[in-house]
Structure formats: structure tokens, C-alpha cells
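Heads up, the thing below is written out as C-alpha cells.
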Amino acid sequence: MFLRSFVVMSGLFLTGVTMSVASHAETVLTPADQGWIARVQDAMNGVTTLEGRFQQVAPDGQRTTGRVWLARPGRMRFEYDKPSPLLLVANDGKVVFRDSQLDQTTEMPLERTPLGLLLAEHLSLSRDVTVTDFRHEDGILRVAVVRTASPGEGTLEMIFSAQPVALQGWIVTDAQGHRTQVMLTDLKAGRPLSPDLFVLPQGG
């Protein structure tokens, strides 16, 4: 059970604490690429709230599903479907991961996780992060970034639909090449969300 929780958690909590520093070269962007990236940035900065469902695929192939709520800046809730005992909540500058079956709670700064980029008050794809890859294929935009100040934390690849530009999910890759993918479905944007959704779990 602990290994299961760690695998699920690591894909969302990616940090540079135990990673070797990988080399991340800034990609050469065409004017068309830059135009799409500007649209992606504007789309993310236009998001206030989202709610829907997610499917997460861990590095070992394990699949989990659940509901997700997002309120920018700084708040998110991942509620895993039963029988999973897992819950993740971001608020107050931190991310708290709760395994109720193990009565175990893990906490870390939001800025040390990929969620910190997605939940930033203002996402800048030319200052806060370095774009290492951009692809536009079959109506899907993929923007891979590393934190400019700490590229060794790993890579976040954000996935968007192109028409309209809207967040569809992301892939986290650590310095060892382990990938965790999160895909979003049934998304509803701009609806009021209860503050109770983002109360940080206690215990453990």
C-alpha cells in the first residue's frame, strides 16, 4: 500500500531532492510556435476555476481515476475514486497528500511541485520557465517546460487542445525518465467552487 501511494504521489509532487540534474536545452521556436505558446499562456492565465474528472497513469502503468477541482491561484483538489483512500489538496502555498487507509499525511511547498506552475497567479512561459519542446500535431498542442531557476526538478509537458486552446492534461517526467500522465475529461470552466473543497486534510 505504501508503494502504491508513493507512486501515485510522486507524479504530482515531483521535486529535485533526489534527482540528478539533467540537461535541458531551450528549444528554437518559430514565429508560429511563439504565437501558439502565447495563446497557451493566455488560456492558462484566463482560467479561474475548472472541475471535471481525471485519469492518472503512473510510471509503473498503474491507472487511477477521480474528480478534480481547480481554483487559480493556488488551489486544487484531487479526489481519487473509491476504493482508493487517496486525497490531494493544494492551498495556502502547500500541497497535502492524504492516505486515509495508512493514516498518513505528506506535505510539501506548492512551489516545489508541477502543480505550482499550473496554479500560479500568472504563468509566464518566457520568464518563470524555459520551453524545452513544442509540438502541434493533430489538433493537440504540447508544451514542455522546466523551471528556469531549477531545471533539475524535472520536466512538465502541458497538453492543450488547439481549437479552442484549453488544458487537457499534463505529463511529468523526472530526471530518470519516469513519466506520470494526468488527463482531464468532462471539464467545466468558470463555475463557483465551494471553499470547503480546498480545506487541507489533517491527521497522520
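Some observations on this one:
- Student exercise, the range 19-99 dipole from Lys, Arg, Asp, Glu Cβ charges, in Debye to nearest 20: 320
- Taking amide H as placed 1.01 Å from N in the peptide plane, Lys94 has its amide H under 5 Å from the amide H of Leu110, each at least 5 places away in sequence or on another chain.
- Size descriptors for the range 33-160 (Cα atoms only): Rg and Dmax, in that order, 15.5, 47 Å.
- 0 to 90° range, to nearest 10: angle between helix 31-45 axis and the chain longest Cα axis: 30
- Remark: the chain carries a charge dipole of roughly 320 debye about the Cα centre, counting +1 on each Lys and Arg Cβ and -1 on each Asp and Glu Cβ.
Since every read-out is calculated from the coordinates, none of them should be taken as a lab result. These numbers were taken from a predicted model, which means no experiment stands behind them. When we count neighbours, we look across all protein chains shown, and the Cβ atoms used for this are built from the backbone with ideal geometry, even at glycine.
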